[in-house]
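Student: One structure coming up, written as C-alpha cells, with questions to follow.
What follows draws every value from the coordinates through simple rules; no lab data is involved. Computed from a predicted model, the values in this text were never measured in an experiment.
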C-alpha cells in the first residue's frame, strides 16, 4: 500500500524544447478545429494525442483548462505535467513564449516536472511495509509486527482458524470469468486492517493486508 509523502520541489525556468513546440502546434490545430466541428471532442484527459510526445485535453473550467502530459523525447518515464491557458498555447505556438516555469522533482533520474506546485510524481509515494501482498515465507515476520504469532509458511487453513478463530468471510475460489483462477481464501477484519489469506491445496500461499475500510474498486 502506498502513502503520499510529498517532497519539496524546485521551481525553475526551462526553455521549451522544439519537439514540444511542434506537438503544441498540432494540439492547437486540433483545438481550433473543434470549434468548427462538433464531432471533434476535446473535453477529456486523453482526447488530444500527438504521439509519442503529448497527451491531454480540456479539463473542466479551471484557470488553465488545458492539461497535457509531455513525454520528453517520447520516453514515457520522463514526463512534464502542464496546465496551460489557451492564450499561453497560442503564445507558445507563435514563439512569443520561449520558457516555462516548472516545479521539479529533486530525485536523481526522475525527470518529473509540473506547472502545478501541488502535483505529485512516483517519488512522492512510499510503500507502507505493514500493508500489501506478502508471500508465505514472509508471513510470520509480518504478522509478528501485529502481535500475531504461530502462523508461518507451513500453516494450513485449519492452523490459521485455530489461532484467529472463524473467518469473517470465505471464498471457495475456482475459475471466474474475466479474472481467471482465484484460489481458496479466508478473511479477517481486525481493528485497523483486513487479513486476506490465500491457499494452495489448503496450504498458505499469500497474505494480503489491507486497510480496515478497503473495498474492491474503492
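Student: If you take every DSSP beta bridge whose two residues both sit in the chain, what share of them, in percent to the nearest 5, is antiparallel? Please list the in-between numbers first.
Tutor: On the way: 50 of 52 bridges.
Within the chain, antiparallel bridges account for around 95 percent of the total.
Student: Sticking with this structure for a sec: What full-extension length gain, to one decimal in nm, is calculated for residue 126 and residue 69 as 0.36 nm per residue of separation minus the Cα-Cα distance? Could you put the intermediate results ahead of the total?
Tutor: Values: separation 57, 0.36 × 57 = 20.52 nm, distance 2.29 nm.
Length difference between fully extended and current span is 18.2 nm.
Student: Additional query: Can you report the principal axis dimensions of the chain using only the alpha carbons, biggest first, rounded to whole angstrom?
Tutor: 73, 40, 28
Student: Can you give the convex hull volume of the alpha carbon atoms of segment 2-126 per residue, in Å³?
Tutor: Details: hull volume 14.2 nm³, N = 125.
Convex hull volume per residue, Cα atoms: 113 Å³.
Student: For segment 128-211, what does the relative contact order come out to in percent, with C-alpha contacts under 8 Å and a separation of six or more?
Tutor: Contact order relative to length: 31 percent.
Student: Please determine, in degrees from 0 to 90 and to the nearest 10, the orientation of helix 18-36 with respect to the longest principal axis defined by the Cα atoms of the chain, where the helix direction is its Cα long axis.
Tutor: 80 degrees
Student: Roughly what % of Cα-Cα distances in segment 128-211 sit above 21 Å, to the whole percent? All intermediate terms of the calculation are to be shown ahead of the outcome.
Tutor: Working: 783 of 3486 pairs.
Tail of the P(r) past 21 Å holds 22 percent of the pairs.
Student: When the chain is modelled as a GNM with alpha-carbon springs shorter than 10 Å, which of 110, 193, 123 fluctuates the most?
Tutor: Comparing 110, 193, 123 in a Gaussian network model of the chain, the most mobile one is 193.
Student: For Cα pairs less than 8 Å apart in space and 6+ apart in sequence, what is the mean separation divided by the residue count of the chain, i.e. the relative contact order in percent? Mind dumping the intermediate values first?
Tutor: Numbers: 384 pairs, mean separation 35.4, N = 218.
Worked out over the chain, it gives 16 percent.
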